[in-house]
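The next block holds one structure in the form of structure tokens; read it before the comments.
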Amino acid sequence: MSDSVIVVDGVSKRFRLYHQRNQSIKAALMRGGRAKYEEFWALKDVSFEVPEGSMFGLMGVNGSGKSTMLNCIAKILRPDKGTIATRGKFSALLELGSGFHPELSGRENIYLNGSILGLSKRELEARFDEIVDFAGVEQFIDQPVKNYSSGMYVRLGFSVAINVDPDVLLVDEVLAVGDAAFQEKCMEKFAEFRRAGKTVVVVSHAMGTMRTLCDRVAWLDAGRLVEVGRPDELIDRYIDEGHVQRGDADGGSRWGSGEGALTSVAFVDAAGAPTTKLRTGDEATIRLTYETRQRIDKPVFGLAIETLEGVYVWASNTRDADYVPDCIEGSGTVEFHIPRLMLLPGTFDISASIVDFSTVHVYDFRRHCYRFDVDHGTPRESGGLVSLGGAWRNLTSGSATADRAVQSLESGS
Ligand SMILES: Nc1ncnc2c1ncn2[C@@H]1O[C@H](COP(=O)(O)OP(=O)(O)OP(=O)(O)O)[C@@H](O)[C@H]1O
Ligand SMILES: [Mg+2]
């Protein structure tokens, strides 16, 4: 099977949706064993290959079949049509807490899980400390896992899954439950995995992570494969088709005492219309409109930008910028003008606030109130979050090609 560790060939998976709510054996017997159901195909004729040593992403909206696909690869579900050929030792972190017994302690679950995943008692003993340490659950290791928080559950599950030394690791969304520090540790583990030539198949709604992490992604929609390809291209299309919510107030949180409120927060184009699509190097303006219930002295307006994974990219407020109005009353507009947007391609969230001059009292705080995409522009740098706008220089004389390359970089083309 060439250099692929997973070959998915024409896979379809059917679920039966039963109409009767009461699915007891007795009820089924009384109906003469004929339960009424509708067939539903969660996967329809899906084919793709996962190359060995790759970081492979599965993306798609809720219900598109990602988890079903991953469960079929993990052999937890059996396809109704088609085949899945796999090579090597698999380990999976699927649904939250799957594989854990709630009444058993963390310690007992490590042994139970590890042995299911193919480690001997001796191997488990040798790795026990590392597993506990990576999960950061030392203090709770002898408590039943039913008392664990969802974050602890996931950390322990992930820690066991990676420490059984698999060739292929399957990871469903669950990692999103962990905090930023743990996610960072997971990313490092993924990188380590990849350096060791191992394969990871990951499902995520965090498009920023998928973009930076994956070599290839498969896009599922209503059980069908839309395309397999490079993450930057497919994710741009996915975002363009509006599968990632963006724009005004999409599920962000909001708090504050309310004497003054931000009535809108948006990037606006030259004509003043809100826009969620920008390019690296664009001139851009973030416009805030506000309304007050009473006069507010020395208000401080603030803005922050984060990636979808919560990486804090930038912030500014009018106090630090030495631009505080004496007072505001009624409604008005404040703008933050950016001559050149130095963010590299990705999806970002804006948070905005009005606070008092001490910055302790919050009038209105709108967290993640505006989501926008940055597409390739100028300069075109290779990766990361920000453009440094620098240029390469050649210090070796007599290299004509390199000189030309430097010139063209400096002239910004
Ligand atoms: N055991 C099941 N019985 C019946 N229907 C199911 C079952 N498991 C999944 N489905 C259905 O199959 C479809 C695909 O579900 P799946 O969980 O694979 O989606 P997903 O892409 O992982 O979604 P999400 O992003 O919400 O996790 C959904 O419509 C879901 O309701
Ligand atoms: Mg899922």
Verdict on V154 being buried (at least 21 other Cβ atoms within 10 Å of the Cβ), within 16 Å of the chain's Cα centre (by Cα) and assigned to a helix (DSSP H, G or I): yes
Pairs, first without any contact (Cβ under 8 Å) to a residue 40 or more places away in the chain in the range 142-156, second of a type in the set (K, R), C-beta under 9 Å, six or more apart: D142/R107; R155/K185
F90 being modelled with pLDDT of 85 or more, aromatic (F, W, Y), under 24 Å from N62 (Cβ atoms) and away from ligand 1 (no atom under 16 Å from the Cβ): no
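Conditions (1) surrounded by 15 or more Cβ atoms within 10 Å (Cβ to Cβ); (2) over 30 Å from D179 (Cβ atoms), marked per residue:
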{"residue": "A270", "(1), (2)": "no, yes"}
{"residue": "T318", "(1), (2)": "yes, yes"}
{"residue": "V324", "(1), (2)": "yes, yes"}
{"residue": "I328", "(1), (2)": "yes, yes"}
{"residue": "V334", "(1), (2)": "yes, yes"}
{"residue": "M342", "(1), (2)": "yes, no"}
{"residue": "S351", "(1), (2)": "yes, no"}
{"residue": "I354", "(1), (2)": "yes, no"}
{"residue": "H361", "(1), (2)": "no, no"}
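Looking only at the range 84-111, count how many residues are in a loop (DSSP other than H, G, I, E, B) and within 16 Å of ligand 2 (Cβ to nearest atom). Steps first, answer last, please.
Narrowing the range 84-111 to residues in a loop (DSSP other than H, G, I, E, B): 87-89, 94-104.
Filter once more, keeping what is within 16 Å of ligand 2 (Cβ to nearest atom): 94-98.
Residues in the range 84-111 being in a loop (DSSP other than H, G, I, E, B) and within 16 Å of ligand 2 (Cβ to nearest atom): 5 in total.
Limited to the range 47-83, what total is found for residues that are aliphatic (A, V, I, L, M), more than 10 Å from ligand 2 (Cβ to nearest atom) and within 24 Å of T209 (Cα to Cα)? Break it down stepwise before answering.
Here is the first cut: in the range 47-83, the residues aliphatic (A, V, I, L, M) are 50, 55, 58-59, 61, 69-70, 73-74, 76-77.
From what's left, more than 10 Å from ligand 2 (Cβ to nearest atom): 50, 55, 59, 61, 73-74, 76-77.
Restricting the remaining residues to those that are within 24 Å of T209 (Cα to Cα) gives 50, 55, 59, 61, 73-74.
Qualifying residue count, the range 47-83: 6.
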Filter result (free of Cβ contacts under 8 Å to residues at least 12 places away in the same chain and either within 16 Å of ligand 2 (Cβ to nearest atom) or assigned to a loop (DSSP other than H, G, I, E, B) (or both)) within the range 117-141: S120
Condition broken by G151, with the remaining ones in (1) under 19 Å from L308 (Cβ atoms); (2) in contact with a His (Cβ under 9 Å, 6 or more places away or on another chain) satisfied: (2)
Checklist (1) on the phi > 0 side of the Ramachandran plot; (2) under 25 Å from the mean Cα position of the chain (by Cα) applied to G88, failing item: (2)
Residues (among the small types (G, A, S) and not in a strand (DSSP E or B)) located in the range 37-77: G53, S54, G60, G63, S64, G65, S67, A74
Filter pass, K146 being in contact with a helix residue (DSSP H, G or I) (Cβ under 8 Å, 6 or more places away or on another chain) and either assigned by TED's automatic domain parsing to the domain that holds S54 or within 16 Å of ligand 2 (Cβ to nearest atom) (or both): no
Candidate set from the range 180-239 (those that are in contact with a Pro (Cβ under 6 Å, 6 or more places away or on another chain) and modelled with pLDDT of 85 or more); member that is nearest to ligand 1 (Cβ to nearest atom): V217
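In the list K44, K36, K13, which residue meets the criterion of being away from ligand 2 (no atom under 16 Å from the Cβ), at pLDDT 90 or above and either of a type outside the set (V, I, T) or assigned by TED's automatic domain parsing to the domain that holds M207 (or both)? Steps first, answer last, please.
On the way: K36 fails: at pLDDT 90 or above; K13 fails: away from ligand 2 (no atom under 16 Å from the Cβ).
After ruling out the rest, the residue left standing is K44.
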Filtered residue count, the range 187-206, keeping only those that are surrounded by fewer than 21 Cβ atoms within 10 Å (Cβ to Cβ), more than 16 Å from ligand 2 (Cβ to nearest atom) and of a type outside the set (F, W, Y): 9
Tally, over the range 108-131, of residues that are farther than 13 Å from V164 by Cβ and surrounded by 19 or more Cβ atoms within 10 Å (Cβ to Cβ): 1
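Give the residues of the range 286-316 that are part of a strand (DSSP E or B) and surrounded by fewer than 17 Cβ atoms within 10 Å (Cβ to Cβ), sorted by residue number. Step through it out loud before you land on a result.
Looking only at the range 286-316, we keep the residues that are part of a strand (DSSP E or B), and these are 286-292, 296-297, 300-307, 312-316.
Residues satisfying the conditions are R287, T289, E291, D297, Y312, V313, W314, A315, S316.
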Which listed residue is touching a Lys or Arg at 6+ places or on another chain (Cβ under 7 Å), within 13 Å of ligand 1 (Cβ to nearest atom), at pLDDT 90 or above and closer than 26 Å to E192 by Cβ, from L77, L58, L70: L58
First in the range 308-335 and in contact (Cβ under 8 Å) with a residue 12 or more places away in the chain and outside the structural domain of M210 (by TED's automatic domain parsing), second anywhere and among the charged types (D, E, K, R) and assigned to a loop (DSSP other than H, G, I, E, B), Cβ under 6 Å, 6 or more apart: V324/K298; C327/R295; E329/R295
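The values are calculated or read from the model by the stated rules, or taken from the named source; none is laboratory data. It should be emphasised that the depicted structure is a prediction, and the values quoted were computed from it without experimental measurement. Here the Cβ is made from the backbone with ideal geometry for all residues, glycine too, and neighbour counts use every protein chain on show.
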